[in-house]
Amino acid sequence: MSGSEGGMKNKLFLGIDLGTSHTAVMSNRGKKFLLKSVVGYPRDVIGLKLLGRPYVVGDEAFEMRSYLELRYPLQDGVLSELSDRDLQVARHLLTHVIQQAAPQEGDEINAVIGVPARASGANKSLLLKMAHEVVNTALVVSEPFMVAYGLDKLVNALIIDIGAGTTDICALKGTVPAPEDQVTLTKAGNYVDERLHNALIERHPELQINTNVACSVKEMFSFVGPVTAPAIAEFRAGGKPVQCDVTEPVRVACESLMPEIIESIEGLLRTFQPEYQSTVLKNIVIAGGGSRIRGIGTYIEEKLRAYGEAKVTCVGDPTFDGCRGALRLAEELPPQYWSQLGDVAGG
Ligand SMILES: Nc1ncnc2c1ncn2[C@@H]1O[C@H](COP(=O)(O)OP(=O)(O)O)[C@@H](O)[C@H]1O
Ligand SMILES: [Mg+2]
């Protein structure tokens, strides 16, 4: 599509959180949805016949995975490899997202898209170029910045977004965050799943466990710090249900994320002027699916004790707070200013 043509058109604003595992979307017309960030392609002509179309996007693709080849375009939170194939997968995903947002004939579509904090320049510009094929104006911002915008935490704050593929940490200093204000760690939810999976098969070789099982166990029992209640999970061994105490492996797996997070917080804290540091410590927010880990706020507060009194809160709606912030940004700041905020295509 070509750029905007003035005030003649109706404007559709979209906030899009392009996550590794899920994409969350909100529009200024009240659309709100979540889908798996996956596209499925038929493996052969039989699959094509069964499917009746060249590809299928999101949860539907996941359900039909037995006869589809699944591709996750945002594997590590950025367009994984820069092959044409991957870009094509991302294009299919984004096209589907825009269709689901139900634009009307002649709408001018303005989208703010959140990507991991330090997505490389090359990836970002490819993503933008592709986005510009399906919307009029696209702005790519870092995921934690869009969370911060939505929560009005734009100055003297730290946002930690724990997703599936990456943990993104961002220091807010009252300006658009510079690259040195952001850290991306590759240890996040998927890493916890792997750690837990390995620990469980080592302890209980008789159990039938794969990473999906490990992930559900994590999501049900995740915690860090002191044990408040034992975690008893149900598994299958030889086809029969068995119960196991998974308290310790779950704690160890979840806590494996913490050292790098604490270290990054300490590193970013030092980049604030000394007179602001105690305010920043009381203004730490955790977002993303990982913010659901029980005890995570208190755990981080304790670890930061040496720096003074810290206050760590978790967002109210880890699923939609990111795209809600992106939508708010899209609506509040006219597209002609977007180029001040990040990389823009169109507008
Ligand atoms: N209750 C929970 N405890 C720990 N981790 C969770 C919980 N619920 C979801 N997660 C994890 O959060 C991650 C997904 O977070 P999300 O912010 O949606 O990721 P992304 O933005 O990378 O798509 C997954 O690894 C998922 O297993
Ligand atoms: Mg995310």
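The values are calculated or read from the model by the stated rules, or taken from the named source; none is laboratory data. Everything quoted here is computed from the prediction, not taken from an experiment. Positions of Cβ are backbone-derived with ideal geometry, glycine not excepted, and every protein chain shown enters the neighbour counts. Remember, those area values only see protein heavy atoms, side chains included, never the ligands or the DNA or RNA. Shrake-Rupley method; radii C 1.70, N 1.55, O 1.52, S 1.80 Å.
Filter region 323-347 for residues that are closer than 19 Å to Lys9 by Cβ and out of contact with any strand residue (DSSP E or B) (no Cβ under 8 Å at 6 or more places or on another chain) and give the result. If the condition is that a residue be closer than 19 Å to Lys9 by Cβ and out of contact with any strand residue (DSSP E or B) (no Cβ under 8 Å at 6 or more places or on another chain), then Leu333, Pro334, Gln336, Tyr337 are the ones that fit. Counting only strands (runs of 3 or more DSSP E) that fall entirely inside region 117-233 and contain at least 1 residues that are open to solvent by 60 Å² or more (accessible area, probe 1.4 Å), the qualifying elements are 155-162, 167-173. Scoring Ala330 on the criteria (1) under 21 Å from Ser142 (Cβ atoms); (2) without any contact (Cβ under 8 Å) to a residue 12 or more places away in the chain; (3) surrounded by 15 or more Cβ atoms within 10 Å (Cβ to Cβ) leaves a single failure, condition (2).
Residues in region 1-28 that are modelled with pLDDT under 95 and more than 16 Å from ligand 2 (Cβ to nearest atom): Met1, Ser2, Gly3, Ser4, Glu5, Gly6, Gly7, Met8, Lys9, Asn10, Lys11.
Please enumerate the residues belonging to region 37-50 that are surrounded by fewer than 18 Cβ atoms within 10 Å (Cβ to Cβ), in contact with a helix residue (DSSP H, G or I) (Cβ under 8 Å, 6 or more places away or on another chain) and among the hydrophobic types (A, V, I, L, M, F, W, C). Within region 37-50, Ile46, Leu50 meet the criteria. So for region 261-278 (the condition being within 16 Å of ligand 1 (Cβ to nearest atom) and at negative phi), does at least one residue qualify? Checking region 261-278: at least one residue is within 16 Å of ligand 1 (Cβ to nearest atom) and at negative phi.
Among the residues making up region 19-36, those that are outside any loop (DSSP other than H, G, I, E, B) and either among the basic types (Lys, Arg) or within 8 Å of ligand 1 (Cβ to nearest atom) (or both) are His22, Thr23, Ala24, Lys32, Lys36. For region 296-311, check the following and say yes or no: at least one residue is closer than 18 Å to Tyr191 by Cα and open to solvent by less than 20 Å² (accessible area, probe 1.4 Å). Scanning region 296-311 turns up at least one residue that is closer than 18 Å to Tyr191 by Cα and open to solvent by less than 20 Å² (accessible area, probe 1.4 Å).
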